[in-house]
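Structure first, then comments.
The values are calculated or read from the model by the stated rules, or taken from the named source; none is laboratory data. Note that the coordinates shown come from a computational prediction; the quantities given were computed from them, not determined experimentally. Cβ atoms come from the backbone with ideal geometry, glycine included; neighbour counts cover every protein chain shown. Each accessible area value is taken on the protein alone, full model and side chains, heavy atoms only, with ligands, DNA and RNA left out. Shrake-Rupley method; radii C 1.70, N 1.55, O 1.52, S 1.80 Å.
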Amino acid sequence: MIDIVGGFLPSPLSAAVGKKALLQGREILRRQYSQNANSAALLRDYCRLVDGLLRQVWKEMSFPSSIALLAVGGYGRGHLFPGSDIDLLVLLPAEENNADAVDDVTKSRLEKWVGFLWDVGLEVGHSVRTLVECAEESDKDITVQTSLLEARRLAGSRQLFSVFSHTMKAALNPQEFFNAKQLEQQQRHGRYHEATYNLEPNLKESPGGLRDLQNILWVSRAAGLGKSWSDLIKGGFITQQEARLAKRHESILQDFRIRLHYLAGRREDRLLFDYQTLLAHELKIADKPPRRAGELLMQRYYLAAKSVTQINTILLLTLRAEIFPDVDLVPIIINERFQKRGEFLELRDENIFRKDPGVILESVLLLQQHPELKARSVTTLRALWHSTPSINSTFRHNLRNRALFMEILRQPRGLTRELRFMNRYGILGRYIPVFGRIVGQMQHDLFHDYTVDEHIIMVVRNLRRFMASEFAHEYPLCSQLISEFDRPEMLYLAGLFHDIAKGRSGDHSLLGKKDAKRFCTQHGISVEDTELVTWLVENHLIMSATAQKQDLSDMEVIAGFAVCVRDERRLIALYLLTVADIRGTSPKVWNTWKGKLLEDLFWATRRYLSGEPAYVGGALENRKIKVLEFLQLEAIPTGAHERLWSKLDTTYLLQHDPEEIAWHTLQLYNKVDSLVPVVKAQIVPAGEGIQVMIYTADKKDLFARICGFFECLNYSIVEAKIHTTYNGYALDSFLVLNPFKAVEQYHNVISMVENGLARQLEQQIPLKPPSQVRLSRHLKHFPITPEVDIEPDEKGTYHILSIVAGDQPELLSRIARVLARSNVRVHSARVNTMGERAEDIFLITGSILNETRTLIHLETELLRILQTSDENIQAKSEEYLH
């Protein structure tokens, strides 16, 4: 055998010599690729290298001439990536499944053969099957059938391989195969949330990945319509232009995958953050501030993936029409431009989009208005795809087209589906050019899971979901509010524009406001609705910031927010947009605590706007009355509550809900002077965590101890209310989320927390030093510069400590230790984690805060322990040991 190094391999071949030749061959291929970047050549030549080695080993093992060695899967196709497995099938001639299909000698040789291949350095995935077994497995498993579809003989019996090929071909049912591959693709896309623009996509499996192109050729091959893009051109299933586009984007994805395998030193198909910048530098992509090289690389990938998705959709529809021929379906005319044939919308004139581009938007509207229509016919889709360049300045200024676009937004069904479609085919980005600028743009804020355009459509999707009665149980308040909201299309417009200016220099909210105002003016939207849309875009972050960072028991906070909101329609619109926005960032960001905070702010502001008394005295008396009503249901002795209440000030009563005050009172009215810590816990009403009450003699490091206890259990503190009674006790309330989702597990959790925390507080065990910080991959590659801000509140009673940092293990207890060492008391804490980003707010007091020198020292200490760069990690741990 002649190997790629250019010499003859000796026979018999030793594992050491074979391994050396393989390594040399791989290195030569790698150097050649770094020079010419010819992906097709590398995949082919690596395949040939492995072919030659396998054939020589097979020959030297002296296997019976009646069996055959086949390459299957991607290797059978002749495409072998640097880190891919080598899939092999040893084909046996037995016509039935029996124990004598392989004799003992052949079994022994096969075992030795597999071991030898691994010793050489070939990572093989092999199976040994008879013809009958191949047919049976193929019939049961579409993955096996697909793998065998591309089988290629490497060595052994030609006759057996010929029989195998005819058997597999005869067993193929093109219609069943098409349906199975279509379902398999849908399930695969579903695993990636149907999103082409995940921030760490899988180059092979994600929507728009290489698998989508392979799926086309598998279906075509199974139906006997062609094995390559050239065959599809000859068959008239694809145009020359479309084939060139398919090959170009296939080459881009292959190039990315080859380089990724080389960078990882193994098979790695996920374009992780770890490799994005490295890959960008390999491709000579440089930073273009404010955008990083990695972001520009990913936008190149996303555009390729979007084109692959378009090609996949069109060609599978084309092949489907050939595999499932319509039985002379009679078209039903819709209007002079469109008709429906079966379940598909069809053009009556294939050139109508070129003659009248505005009909593109009409086709979108018709799909929304006719629920019996499943999709566009392949001729309609292909014509639309080729006509999108007609969406230009003239198109955008056409009054009819503007009216059609607004009508699309007003439709009661199909908006999300059609927005996704318009984005996928470039219609949305051409109609709204500023939207086109953010297509495929990454967000490295560590809590968005999607690109900007995908996030925007997710937000509109969430707003639409509130409208659907079948989902009303998910967010009942949102569903009720939006069902009564006049002209909900204004909400969708706010959703479309709220992040549209991301990636530009300047405040994206203000820049987006200008874009939204221009759009509203051009589309004839009333002054009142234009003001609503632009106000929402400008202020889309204010409600989440107020709810999660400010004290909602403070009437001045509510009053200030109400002044900003101004009226009830704005309040409802902002609440709906805020919930939809947070839900559209990442499945990990939303939780019931955030939902409750937003709902509490909504109701408090609505009461304020409606004119209900907001003065402290009235609010306090109303709260006391409500608490006493709850306590009457528990039958505690009359006046017993005063034992506890006499030790509490007004701040406590205003900070806690009446239900929470009643629960505290019930647990403590006869334990006011308890000598041992009292710890009680209960499931929060939403069922996503527990509320924990701690009552014990106050100590300087109490907050740090409590934080450390929960962090050891891997539970997340999202809110803490710290109160000191007149008799020197701490009455603290913590809202804690835990990893368990099953409600039945909470009862064990409650018992463990109550007993474990009480025991730890009573024994006063010395605090353990924090464990060494380990950064997540996200923070390692996209570090957050920590921010610490300490300012007095407006009343001069407290200082507000605001912290922004990369989330890391034991973050809260690290902060608490620094504050305790500085004799700073924590009165409340709001802990807001968004993906990998922590934004925490503390209400604090202490003499150190009144002097500039000591205040700067405290800020410096906090900044030091918040650093997430690798060089600061060891220093941080060493500091705590002292």
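For region 437-505, the helices (runs of 4 or more DSSP H) that sit wholly inside it and include 1 or more residues that are open to solvent by 40 Å² or more (accessible area, probe 1.4 Å) are 452-467, 476-483. Being open to solvent by 30 Å² or more (accessible area, probe 1.4 Å), under 20 Å from LYS306 (Cα atoms) and not β-branched (Val, Ile, Thr) is a description that does not apply to GLU176. A single member of LEU69, LEU13 is modelled with pLDDT under 95, open to solvent by less than 40 Å² (accessible area, probe 1.4 Å) and within 17 Å of LYS112 (Cα to Cα), and it is LEU13.
For region 825-849, taking the residues that are farther than 16 Å from VAL589 by Cβ and not in a strand (DSSP E or B), the one that is least open to solvent (accessible area, probe 1.4 Å) is identified as LEU849. Residues that are open to solvent by less than 20 Å² (accessible area, probe 1.4 Å) and either acidic (Asp, Glu) or closer than 22 Å to VAL460 by Cα (or both) occur at least once in region 599-610. Checking each residue in region 785-795 for being out of contact with any Leu (no Cβ under 6 Å at 6 or more places or on another chain) and at pLDDT 80 or above picks out THR785, GLU787, ASP789, GLU791, PRO792, ASP793. Taken over region 138-197, the criterion of being polar (S, T, N, Q), under 38 Å from the mean Cα position of the chain (by Cα) and in a helix (DSSP H, G or I) is satisfied by SER138, THR143, GLN145, THR146, SER147, GLN175, ASN179, GLN182, GLN185, GLN186, GLN187.
This table checks each residue for (1) more than 20 Å from GLY426 (Cβ to Cβ); (2) surrounded by fewer than 18 Cβ atoms within 10 Å (Cβ to Cβ); (3) of a type outside the set (Gly, Ala, Ser); (4) over 25 Å from the mean Cα position of the chain (by Cα).
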position: LYS284; (1), (2), (3), (4): yes, yes, yes, yes
position: ARG292; (1), (2), (3), (4): yes, no, yes, no
position: ALA304; (1), (2), (3), (4): no, no, no, no
position: VAL308; (1), (2), (3), (4): no, no, yes, no
position: ASN312; (1), (2), (3), (4): no, no, yes, no
position: VAL330; (1), (2), (3), (4): yes, yes, yes, yes
position: ILE334; (1), (2), (3), (4): yes, yes, yes, yes
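Selection over region 659-713 of residues that are closer than 20 Å to TRP645 by Cα, open to solvent by 20 Å² or more (accessible area, probe 1.4 Å) and among the small types (Gly, Ala, Ser) gives a count of 2.
Check region 196-208 and report whether any residue there is at pLDDT below 90, farther than 23 Å from LYS227 by Cα, out of contact with any strand residue (DSSP E or B) (no Cβ under 9 Å at 6 or more places or on another chain) and not hydroxyl-bearing (Ser, Thr, Tyr). No, that holds for no residue.
Within region 498-545, being closer than 16 Å to ARG402 by Cβ and of a type in the set (A, V, I, L, M, F, W, C) holds for ALA516, PHE519, CYS520, ILE525, VAL533. Within region 469-495, restricting attention to residues that are among the acidic types (Asp, Glu) and under 16 Å from VAL459 (Cβ atoms), the residue that is nearest to the chain's Cα centre (by Cα) is GLU474. Evaluating PHE81 against the criteria (1) touching a strand residue (DSSP E or B) at 6+ places or on another chain (Cβ under 7 Å); (2) at pLDDT 90 or above leaves one unmet condition, (1). Residues in region 507-523 that are open to solvent by 60 Å² or more (accessible area, probe 1.4 Å) and not hydroxyl-bearing (Ser, Thr, Tyr): 7 in all.
Only one of the listed residues (PRO201, PRO174) is in contact (Cβ under 8 Å) with a residue 24 or more places away in the chain and under 27 Å from GLY294 (Cβ atoms). That residue is PRO201. Among all positions in region 30-45, there is no residue which is part of a helix (DSSP H, G or I) and under 21 Å from VAL114 (Cβ atoms). Is there a residue in region 92-99 that is crowded, with 17+ Cβ neighbours inside 10 Å, part of a strand (DSSP E or B) and modelled with pLDDT of 90 or more? Among the residues of region 92-99, at least one is crowded, with 17+ Cβ neighbours inside 10 Å, part of a strand (DSSP E or B) and modelled with pLDDT of 90 or more, which makes the answer yes. The single residue among ARG26, ARG55, ARG48 that is modelled with pLDDT of 90 or more, of a type in the set (Lys, Arg) and out of contact with any Leu (no Cβ under 8 Å at 6 or more places or on another chain) turns out to be ARG48. Pairs linking a residue in region 415-428 that is at positive phi and at pLDDT below 95 to a residue that is surrounded by fewer than 22 Cβ atoms within 10 Å (Cβ to Cβ) and not aliphatic (A, V, I, L, M), with Cβ atoms under 7 Å and 6 or more positions apart or on different chains, are GLY426/THR388. Considering region 540-554, the residues that are over 22 Å from the mean Cα position of the chain (by Cα) and in a loop (DSSP other than H, G, I, E, B) include one that is surrounded by the fewest Cβ atoms within 10 Å (Cβ to Cβ), namely ASP554.
Looking only at residues of region 665-719 that are among the acidic types (Asp, Glu) and touching a strand residue (DSSP E or B) at 6+ places or on another chain (Cβ under 9 Å), we find that the one that is farthest from LYS594 (Cα to Cα) is ASP673.
For region 662-689, the set of residues classified as at pLDDT 90 or above and either under 30 Å from GLU474 (Cβ atoms) or in contact with a Gly (Cβ under 6 Å, 6 or more places away or on another chain) (or both) consists of ALA662, TRP663, ALA681, GLN682, listed by residue number. Among residues that are open to solvent by 20 Å² or more (accessible area, probe 1.4 Å) and more than 20 Å from ARG211 (Cα to Cα), VAL114 is included. When HIS397 is tested against the conditions (1) open to solvent by 80 Å² or more (accessible area, probe 1.4 Å); (2) closer than 19 Å to TYR425 by Cβ; (3) more than 34 Å from the chain's Cα centre (by Cα), the lone failure is (2). All conditions in (1) under 34 Å from the mean Cα position of the chain (by Cα); (2) part of a helix (DSSP H, G or I); (3) surrounded by 19 or more Cβ atoms within 10 Å (Cβ to Cβ) hold for LEU345, with the sole exception of (2). Only residues that are open to solvent by less than 20 Å² (accessible area, probe 1.4 Å), over 26 Å from PHE324 (Cα atoms) and among the hydrophobic types (A, V, I, L, M, F, W, C) were counted in region 348-388, giving 5.
Residue count for region 525-539 under the criterion of being more than 19 Å from LEU576 (Cβ to Cβ) and open to solvent by 70 Å² or more (accessible area, probe 1.4 Å): the result is 1.
If the condition is being over 15 Å from ALA71 (Cα atoms) and touching a residue at least 12 places away in the same chain (Cβ under 8 Å), then region 132-142 contributes VAL132, GLU133, ALA135, GLU136, SER138, ASP139, ILE142. Pairing residues of region 810-826 that are acidic (Asp, Glu) with residues that are at pLDDT 90 or above, at Cβ distances under 6 Å and at least 6 apart in sequence or on separate chains, gives no pairs at all.
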